[in-house]
1. Working only within region 234-259, note down all residues that are surrounded by fewer than 19 Cβ atoms within 10 Å (Cβ to Cβ) and out of contact with any helix residue (DSSP H, G or I) (no Cβ under 6 Å at 6 or more places or on another chain).
2. Within region 174-181, is there a residue that is closer than 22 Å to ARG361 by Cβ, modelled with pLDDT of 95 or more and either crowded, with 17+ Cβ neighbours inside 10 Å or not assigned by TED's automatic domain parsing to the domain that holds ALA250 (or both)?
3. Taking the residues in region 148-168 that are touching a residue at least 60 places away in the same chain (Cβ under 8 Å) and under 18 Å from VAL308 (Cα atoms) as candidates, determine which candidate is farthest from the chain's Cα centre (by Cα).
4. Among the residues of region 169-213, count how many are over 18 Å from the mean Cα position of the chain (by Cα), aliphatic (A, V, I, L, M) and more than 19 Å from LYS371 (Cβ to Cβ).
5. Output yes when any residue across region 45-56 is closer than 25 Å to PHE356 by Cα and surrounded by fewer than 19 Cβ atoms within 10 Å (Cβ to Cβ), and no when none is.
6. Would you mind finding the one in VAL79, VAL103, VAL72 that is β-branched (Val, Ile, Thr), touching a Gly at 6+ places or on another chain (Cβ under 9 Å), within 21 Å of ILE44 (Cα to Cα) and crowded, with 24+ Cβ neighbours inside 10 Å?
7. Taking the stated definitions as given, is GLU221 charged (D, E, K, R), crowded, with 17+ Cβ neighbours inside 10 Å, at pLDDT 95 or above and over 21 Å from the mean Cα position of the chain (by Cα)?
Amino acid sequence: MSSPRRIGVAILGYAFMGKSHSHAFKSMPHFFYPPPAIPELVVIYGRTEEKVREAAENYGFKKHVTDWRKAVNDPEVEVVDNCLPNNMHMEPTLEAIEKGKNVLCEKPLARNSGEAKILRDAARKARVKTMVAFNYRFVPAVQLARNIVQSGMLGRIYHFRARYLQDWLVDPNAPLTWRLRKEDAGSGPLGDLGSHIIDLGRFIVGEFKSVMGVVKTFIGERPLPGNPAKKDRVTVDDAFEAVVELENGAIGTLEASRFATGRKNYNNFEVNGEKGSIEFNLERLNELRVYLKEWERGSIGGWNTVLVTEKTHPYIKAYWPPGHIIGWEHTFINEVYHFIKAVVQDEGIAPLGATFEDGYRNNVIMDAILKSAEDGKKVTIEF
């Protein structure tokens, strides 16, 4: 058997997502053996020399740079993974596409639908692979949920409800990071957390038709990082709620907040259909709760919890024996495997991966929620 070819990777950003993605590229060949290719961590970019040098040593990169253009244009690089803040998604991603690099870009694709459209259009014209890093698509239980809905097991779908709750901003003295500035983030938990549950709704149930939204900022000013005596304005939402209508006639609710006291990373969705229901909770990511009406006629009855660790479940055969659970980090390994396989074998990103078209549509829906909140009216989605 011939050895898999090697594929050079550049990661832009060394913090939370840079660490997660670096781990995934390094671990993928170990689990998905033989791998479609062996990722080589060529170069990592960060603005601060000391911190990016430390990250390069820690994560195993050959080089580090403080100019993202050097990473994007490195001749050894075939894949550019953009893990930068939202205001840095467009320019490096566009240049990478223009230079013939394959691009994995963190979510949301852009700060707004206008920027996302530019990226979507560039991806349409390009001969390279482009994907948005909606990693929760690659939770085995989430893909099982999609398979159940797509198979018709639940029958006609009536409801999709989802909420993504955290509490890291409950303290009014938490500093004003980039995530709290509109010019950097585009929006608050709507883009940071809401983009995930919007994507899961589209991935599992179907396309959105209309939205009605409300947004709220609870703390208007926060201390500046490193200078707690000085405060500046928060210019994004702290929480949002939305009522949605889907093209298939189902209705639903979406909620995201950074003020849900006690909730650390609570990503939960439920789908109700005429023949049954399913429920998922990220904090128990190896489980999918299932209820089928047909069970009422037998001796099972009620809701049942499926432990999604069998070899027949999505991706699990790459890991451990049945009953041995996987973790949050494995969602990125599965995601990287899907992306590298698409690049090397010239396969489509869709339907399991999120294309730049998916990223654009996600941004359109978020913009519609903000527009609805501003005008106090229902907004019809127009792509």
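1. Initially, region 234-259 is screened for residues surrounded by fewer than 19 Cβ atoms within 10 Å (Cβ to Cβ), giving 235, 241, 243, 245, 247-249, 251, 253, 259.
Selection gives GLU241, VAL243, GLU245, GLU247, ASN248, GLY249, ILE251, THR253, PHE259.
2. no
3. From region 148-168, those touching a residue at least 60 places away in the same chain (Cβ under 8 Å) are 148-149, 153-168; that's our starting set.
From what is left, the residues that are under 18 Å from VAL308 (Cα atoms) are 148-149, 153.
Details: ILE148: 21, VAL149: 20, MET153: 26 Å.
Top of the filtered list is MET153.
4. 5
5. Checked against the condition, which is being closer than 25 Å to PHE356 by Cα and surrounded by fewer than 19 Cβ atoms within 10 Å (Cβ to Cβ), region 45-56 yields no hits at all.
6. One residue alone meets the criteria, VAL79.
7. When the stated conditions are applied, GLU221 does not pass them.
A quick yes/no check of all residues on (1) at pLDDT 95 or above; (2) over 29 Å from SER277 (Cβ atoms):
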residue: SER299; (1), (2): no, no
residue: GLY302; (1), (2): no, no
residue: VAL308; (1), (2): yes, no
residue: PRO314; (1), (2): yes, no
residue: LYS317; (1), (2): yes, no
residue: HIS324; (1), (2): yes, no
residue: ILE340; (1), (2): yes, yes
residue: GLN345; (1), (2): yes, yes
residue: GLY348; (1), (2): yes, yes
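The values are calculated or read from the model by the stated rules, or taken from the named source; none is laboratory data. Only a predicted model underlies this, so the values are computations on that prediction, with no experimental measurement involved. As a convention, Cβ positions derive from the backbone with ideal geometry for all residues, glycine included, and neighbour counts pool all protein chains shown.
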